[in-house]
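No lab work stands behind these numbers, since they all come straight from the coordinates. All of these numbers come straight from a predicted model, not from anything done at the bench. Cβ: placed from backbone, ideal geometry, glycine included. Neighbour counts: every protein chain shown.
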Amino acid sequence: ARPAAPLFEAERARLDAWDERRPLLGERLDFTIPEAMLESVTAVASGLPPSLAPRAHFLAARAHALCGRPREALRELDTAAPSGPLPAEHALERALATWDLLLFERAFRVRDRIEEGMRTCREQLAIATVLGDVPKEHLSWMRDALSLESGDLDALSSRARALAEKDPERTAVRERLLGDRLLLERDLAKAALAYDASLAARDNVPQAVAGRCFVALELARNGDAAESEPARALLARTLALAPEAIEATVASGWSRLLALSRGELTTVSLEHSDHEARAVCDAPNGRFQVRWAFSRGRTEVRVQLTGSSTKGDGK
């Protein structure tokens with residue numbers, strides 16, 4: 001068997017290279033490398049000493065996050081926690097996975113849950129700041145981006161562009177989070193620019209494509225006819241990139257919901273677990289229930305309005 005430490009170093013380098021290239025197999029992301037890395041790391045994780053086990057679980061968490069599975073990523077990070085301190089990147093990965101897990105809440109604007117999730121993210125970013133091996137300017141920017149009290153979004157945007165020159169490696173993440181925040185505040189035009197900048201820095205990231213898709217769908221629903229075709233193309237791309245990811249299931253259901261609704265939606269209830277999610281929304285022309293059933297490799301979405309339904313799935 002290969003020694004554990006060199007194995008982790010090699011697998012980490014392979015995973016980072018995959019993240020930079022994000023290769024496609026046809027129209028969808030080719031997850032062969034992160035899935036193979038998960039298999040090799042999981043095979044040795046249970047027999048590792050306490051000093052090495054956190055590294056295995058961190059790599060597994062990162063692979064799950066890159067494949068669009070934030071819940072599984074958080075579980076691996078929970079398992080990774082030893083008695084002593086972890087590197088800052090563990091806390092940073094936990095903050096990002098927590099934010100990605102809030103996708104349903106963000107899509108349906110459940111403000112209290114978003115604020116609670118943001119607090120958790122900021123706590124993890126504060127831990128990462130103390131540990132000190134991630135640039136403090138990047139962590140400070142992320143803390144402000146993930147706070148609804150940071151109201152000056154133009155200043156946040158300017159700081160992101162300035163940081164792109166000093167820290168280009170993290171530009172894609174910053175611009176995606178900026179797009180998420182602008183979308184939350186309904187600043188659709190600027191959100192679109194942020195998502196475009198994120199994808200220019202690192203293409204084929206499902207979370208960024210899904211965010212850009214939400215923007216196009218909202219603009220089209222608001223009467224911007226020029227966004228109708230981009231919305232359809234972005235939805236198709238989101239579903240093709242990673243049909244098993246939660247982002248794709250939300251994009252698919254959201255498009256159906258927006259197609260049926262007229263005017264602003266109000267979320268009545270929202271519940272989600274490992275395998276399904278349900279949202280009930282009120283719109284001027286009726287009450288909608290949206291149900292997602294999702295598993296690795298397949299998603300199914302059903303939207304119902306006063307007895308009628310539309311259904312779609314991806315494989």
Is it the case, given these coordinates, that ALA191 is under 30 Å from GLY26 (Cα atoms) and either in contact (Cβ under 8 Å) with a residue 12 or more places away in the chain or touching a Gly at 6+ places or on another chain (Cβ under 6 Å) (or both)? yes
Filter result (touching a residue at least 24 places away in the same chain (Cβ under 8 Å), assigned to a helix (DSSP H, G or I) and surrounded by fewer than 24 Cβ atoms within 10 Å (Cβ to Cβ)) within the range 200-209: ALA201
Quick one: ARG119 ticks every box in (1) assigned to a helix (DSSP H, G or I); (2) touching a helix residue (DSSP H, G or I) at 6+ places or on another chain (Cβ under 9 Å); (3) of a type in the set (Lys, Arg) bar one, so which box is it? (2)
When residues of the range 24-34 are filtered for being exposed (fewer than 13 other Cβ atoms within 10 Å of the Cβ) and either under 21 Å from the mean Cα position of the chain (by Cα) or part of a strand (DSSP E or B) (or both), how many remain? 3
Residues of the range 145-171 that turn out to be within 17 Å of CYS121 (Cα to Cα) and surrounded by fewer than 18 Cβ atoms within 10 Å (Cβ to Cβ), as a count: 4
Taking the criterion of being touching a residue at least 40 places away in the same chain (Cβ under 8 Å), out of contact with any Phe, Trp or Tyr (no Cβ under 9 Å at 6 or more places or on another chain) and of a type in the set (Phe, Trp, Tyr), would at least one residue in the range 140-151 satisfy it? no
